[in-house]
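Undergrad: Below is a structure I'd like to ask you about.
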């Protein structure tokens, strides 16, 4: 899928693995529900470790994308829910950099008071266009 990363001349360069926006032609869309750090057996991966939890959530996201015929390169929008944005921002983006290599998706990161499990630190959802 061809996507164009949008860069506004009146905004500073984003500080993280994200773009100001993304423009895509019409295509098949894949909506990925929020993914958390549970493995295939339902066990939480990385209790207390934001990097491990981010990686697992992204692995889960990648798996759902593949089931829909998409890849991480097709992702145009990511929403990240974290329980400590300021404390975990750098680690979250370092882990994201392992998965999103260029032409970063548009992204929103929101701090939440809790997730479904009190040991969960992050949840990530995405939209892809194939």
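Undergrad: Springs between alpha-carbon pairs under 10 angstrom, Gaussian network model over the chain: which of 70, 106, 26 fluctuates most?
TA: 26
Undergrad: Then there's this: Extension gain residue 71-residue 39, at 0.36 nm per residue separation less the Cα-Cα distance, in nm?
TA: 9.6 nm
Undergrad: Take 63, 114 and order them by how many other Cβ atoms sit within 10 Å, fewest up front. If you can, show how the numbers build up before the last one.
TA: Details: 63 12, 114 9.
In increasing order of surrounding Cβ atoms, one gets 114, 63.
Undergrad: Additional query: Express as a percent, rounded to the nearest 5, the fraction of DSSP beta bridges in the stretch 23-130 (both residues included) that run antiparallel. Could you put the intermediate results ahead of the total?
TA: Working: 13 of 19 bridges.
Just about 70 percent of them are antiparallel.
Undergrad: I want to check the label-to-label distance for residue 102 and residue 28. Put each point 7 Å from Cα in the C-beta direction and report it in nm to one decimal.
TA: 2.6
Undergrad: Take 93, 88 and order them by how many other Cβ atoms sit within 10 Å, fewest up front.
TA: 93, 88
Undergrad: Hey, what number do you get for the chain at 222 nm if only DSSP H runs of n ≥ 4 count, each worth -39500 (n - 2.57), divided across all residues, to the nearest 500?
TA: So the calculated ellipticity at 222 nm is -8500 deg cm²/dmol.
Undergrad: Could you give the C-alpha radius of gyration of the stretch 91-130 expressed as a fraction of 2.2 N^0.38 Å, taking N as the number of residues it contains? Could the numbers behind the result be given before it?
TA: Numbers: Rg = 12.3 Å, N = 40, 2.2 N^0.38 = 8.9 Å.
Relative to the rule-of-thumb radius for its length, the stretch 91-130 sits at 1.37.
Undergrad: Another one. In a Gaussian network model over the chain where Cα atoms closer than 10 Å are linked, find which of 90, 117, 28 has the largest mean-square fluctuation.
TA: So, out of 90, 117, 28, the one fluctuating most is 117.
Undergrad: Angle, helix 85-99 long axis vs. longest principal axis of the chain, Cα atoms, 0 to 90°, nearest 10?
TA: Roughly 60 degrees, rounded to the nearest 10.
Undergrad: Taking a cut-off of 17 Å, what percent of all Cα-Cα pairs in the chain are separated by more than that?
TA: 56
The numbers here are math on the coordinates, done by the rules we state, and not lab data. All values reported here derive from a predicted model rather than from experimental measurement. As a convention, Cβ positions derive from the backbone with ideal geometry for all residues, glycine included, and neighbour counts pool all protein chains shown.
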